1. Within segment 101-153, track down each residue that is within 30 Å of Glu297 (Cβ to Cβ) and away from the ligand (no atom under 16 Å from the Cβ).
2. Here are some conditions: (1) within 16 Å of the ligand (Cβ to nearest atom); (2) of a type outside the set (Lys, Arg); (3) touching a residue at least 12 places away in the same chain (Cβ under 8 Å). Thr172 meets all but one. Which one does it not meet?
3. Tell me whether segment 212-220 contains one or more residues that are aliphatic (A, V, I, L, M), touching an Asp or Glu at 6+ places or on another chain (Cβ under 8 Å) and away from the ligand (no atom under 13 Å from the Cβ).
4. Look at Val212 and say whether it is without any contact (Cβ under 8 Å) to a residue 60 or more places away in the chain and surrounded by 15 or more Cβ atoms within 10 Å (Cβ to Cβ).
5. So Gln239 fits all but one of (1) outside the structural domain of Gly64 (by TED's automatic domain parsing); (2) among the polar types (S, T, N, Q); (3) more than 30 Å from Leu50 (Cβ to Cβ); what number is the exception?
6. What pairs come up if the first residue lies in segment 120-134 and is without any contact (Cβ under 8 Å) to a residue 24 or more places away in the chain, the second is hydrophobic (A, V, I, L, M, F, W, C) and within 11 Å of the ligand (Cβ to nearest atom), and their beta carbons are under 9 Å apart, counting only those six or more places apart or on different chains?
7. Specify which of the listed residues (Gly154, Gly126, Gly137, Gly120) is on the phi > 0 side of the Ramachandran plot, surrounded by 19 or more Cβ atoms within 10 Å (Cβ to Cβ) and modelled with pLDDT of 95 or more.
8. Going by the structure shown, is Leu17 within 13 Å of the ligand (Cβ to nearest atom), aliphatic (A, V, I, L, M) and in a helix (DSSP H, G or I)?
Amino acid sequence: MKVMYDVIIIGGGPAGLNAAMLLGRSRRKVLVFDSGEPRNRWAKTMNGFLSSDGVNPQEFIQKGREELKKYGVEMLFKKVDSATYSKGQFVVDDEEGTVYHSRKLLLATGLKDNLPQLDGLEPLYGKSIHHCPYCDGWESRDKAIAVYGQERRGIGQALAMKTWSDSVTLFTDGTNSLNRADRELLQRNGVDICTTAIDRLEGEEGMLQHIVLKNGERREQQAMFFSLGTKQQSDLGEQLGCEFTSKGVIKTRRLQQSNIPGLYVAGDAARDMQLVIVAAAEGAKAGVSINMELQKEDRK
Ligand SMILES: Cc1cc2nc3c(=O)[nH]c(=O)nc-3n(C[C@H](O)[C@H](O)[C@H](O)COP(=O)(O)OP(=O)(O)OC[C@H]3O[C@@H](n4cnc5c(N)ncnc54)[C@H](O)[C@@H]3O)c2cc1C
C-alpha cells in the first residue's frame, strides 16, 4: 500500500533535523533520509552555537536524533538518488530503488568544500586547517596563521585574519598575480607574502607545524585558512529544477520556499550564511512554513 508522508526531508544535518523537530511537534508524518556525510565531519568541535559551543558535531547530531524519537519522526540512513514532482506530490527514490511519496519536500543536503590540493592536508583538515574564521578563528588566535590562495584569491581572507592574529602570511603557492596595489595593501596591513610553490604540509596529531616549500625552505606555521568555494553535496536541486545563485546555492524566499511549489530548501544548500546555528534556524523556518502550507490545504 502506498504511504503518503506529509513531508520528506532529505538531509539529516542541523537544518534537516531542526525542520523535523518543528514538523514532528506539529504532528506531521515525517521521514528524514540521511547519508551520514555532514559537511563538518572532519572537525572535532562545533563552535559558535550558543549553549552547544565546542561540542563534538557527531554528538550534537546524535542528540538531535534522540530528541526526535518522541515526536515519531522516521529516519532512514540511506542516500536518496532521485526526486521528482508530479501531479501534486513528490516521488523520492532511495539508493536501493525503493520509492516514497510526500506532499512536501525539504532539501537539507548541504554543501562540500573545494580543498587545496596539498600533500599532507588531509590529517590536518578540520583541526588546524580551516575555511571559516567564525568557526575556528578564536581557536587560532595569536598563532602563526597561513592563508592559502593562488593568484589573487587569498587577499580578502589574509586581511580578515588580522582580526585574530598579528602573524598572517599569504601563500600564493607558485603564482605571481598580486599587483603593486595588492602588495602595498597587504604590507600596509602587516600581512607577509610568500609566492614560492608549496611542496607539502607537515604536522602532528592534526596540528600544522610547517609549510615546506619547493625550494626546501620550511616555514613555521600553526594554522591555515583557505576559501576556495563550495559545491552542492547532492544534485537533487538540479534534478527538481531549482534556481541557483551564481555561487551555486539554491535561491530561496524568506521562509525557505524554492521556485518549485511545495519544495523547500534549508541550511548550507540554500543561500545565506553557512553556520550550524543558521542551518538549524532555517530548518525551523522551513518546518513552520511547511506546516502552515499543509494547514491551508487541509482547511475545509
Ligand atoms: C571542517 C568544517 C568545520 C566547521 N565548523 C563549524 C563550526 O565550528 N561552527 C559552525 O557553525 N559551522 C561550522 N561548519 C559549517 C557547518 O558544517 C555547516 O554550516 C552545517 O553543517 C550546515 O548544516 P546542513 O544541515 O545544511 O548540512 P550538513 O550538516 O552538511 O548536512 C547535510 C546532510 O545531508 C546528507 N545528504 C546529502 N545528500 C543526501 C542525499 N542525496 N540523500 C540523503 N542524505 C543526503 C549528508 O549526508 C549530510 O548528513 C564547519 C564546516 C566544515 C567543513
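The values are calculated or read from the model by the stated rules, or taken from the named source; none is laboratory data. Just so we're clear, the structure is a prediction, and the values are computed from it rather than from any experiment. When we count neighbours, we look across all protein chains shown, and the Cβ atoms used for this are built from the backbone with ideal geometry, even at glycine.
1. The answer is His101, Arg103, Lys104.
2. Among (1) within 16 Å of the ligand (Cβ to nearest atom); (2) of a type outside the set (Lys, Arg); (3) touching a residue at least 12 places away in the same chain (Cβ under 8 Å), the lone unmet condition for Thr172 is (1).
3. So far as segment 212-220 goes, yes, one or more of its residues are aliphatic (A, V, I, L, M), touching an Asp or Glu at 6+ places or on another chain (Cβ under 8 Å) and away from the ligand (no atom under 13 Å from the Cβ).
4. Yes, satisfied.
5. Going through (1) outside the structural domain of Gly64 (by TED's automatic domain parsing); (2) among the polar types (S, T, N, Q); (3) more than 30 Å from Leu50 (Cβ to Cβ) one by one, Gln239 breaks only (1).
6. Glu122/Trp42; Glu122/Leu115
7. Answer to the check: Gly126.
8. Working: within 13 Å of the ligand (Cβ to nearest atom): yes; aliphatic (A, V, I, L, M): yes; in a helix (DSSP H, G or I): yes.
Spelling it out, Leu17 is indeed within 13 Å of the ligand (Cβ to nearest atom), aliphatic (A, V, I, L, M) and in a helix (DSSP H, G or I).
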